[in-house]
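Data first, discussion second: the structure below is written as structure tokens.
The values are calculated or read from the model by the stated rules, or taken from the named source; none is laboratory data. Since the structure is predicted, the reported quantities are computational estimates derived from the model, not experimental observations. Here the Cβ positions follow ideal geometry from the backbone for every residue, glycine too, while neighbour counts run over all protein chains shown.
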Amino acid sequence: MFTDPVFLDLVKRSTLSTSSVADPNIGRFVFGPVVSEGLGVAYSPAKSSLNVTVSWQKDNRGKALKFVARLEKSVNQLLEMLNITGQHPGIAATLSG
């Protein structure tokens, strides 16, 4: 597996870069993409919310908007599956591009 060309290509470029800060004193922060076609995703989990900031380079706005829409849908589906809809505000997304 570690010599497979597909694996090596995926390891060489990170199109989705993430970072998390779980400090209640930090509400929002930005984590930038590490490749030009990538997205940076900073997330901060709190007791009853998840704050997410998505950043991108100029040409990737469409990709970022699609990612945020799918992320929101996924989080809401998870909340519904866990039967906690309405008890939590879901996801608060901030876009910065």
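Here are the numbers for this structure:
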{"read-out": "Residue check for S19: modelled with pLDDT of 80 or more and either touching a helix residue (DSSP H, G or I) at 6+ places or on another chain (Cβ under 7 Å) or in a strand (DSSP E or B) (or both)", "value": "yes"}
{"read-out": "Filter result for the condition that a residue is at pLDDT below 90 and either in contact with a helix residue (DSSP H, G or I) (Cβ under 6 Å, 6 or more places away or on another chain) or part of a helix (DSSP H, G or I) (or both), over N83, N76", "value": "N76"}
{"read-out": "Residue in the stretch 44-52 that is modelled with pLDDT of 85 or more, over 11 Å from the mean Cα position of the chain (by Cα) and surrounded by 17 or more Cβ atoms within 10 Å (Cβ to Cβ) present", "value": "no"}
{"read-out": "So R61, is it assigned to a helix (DSSP H, G or I), out of contact with any strand residue (DSSP E or B) (no Cβ under 8 Å at 6 or more places or on another chain) and surrounded by 12 or more Cβ atoms within 10 Å (Cβ to Cβ)", "value": "yes"}
{"read-out": "P33 being at pLDDT 85 or above and not in a strand (DSSP E or B)", "value": "yes"}
{"read-out": "Count of the stretch 14-51 residues which are under 16 Å from A64 (Cβ atoms) and acidic (D, E)", "value": "1"}
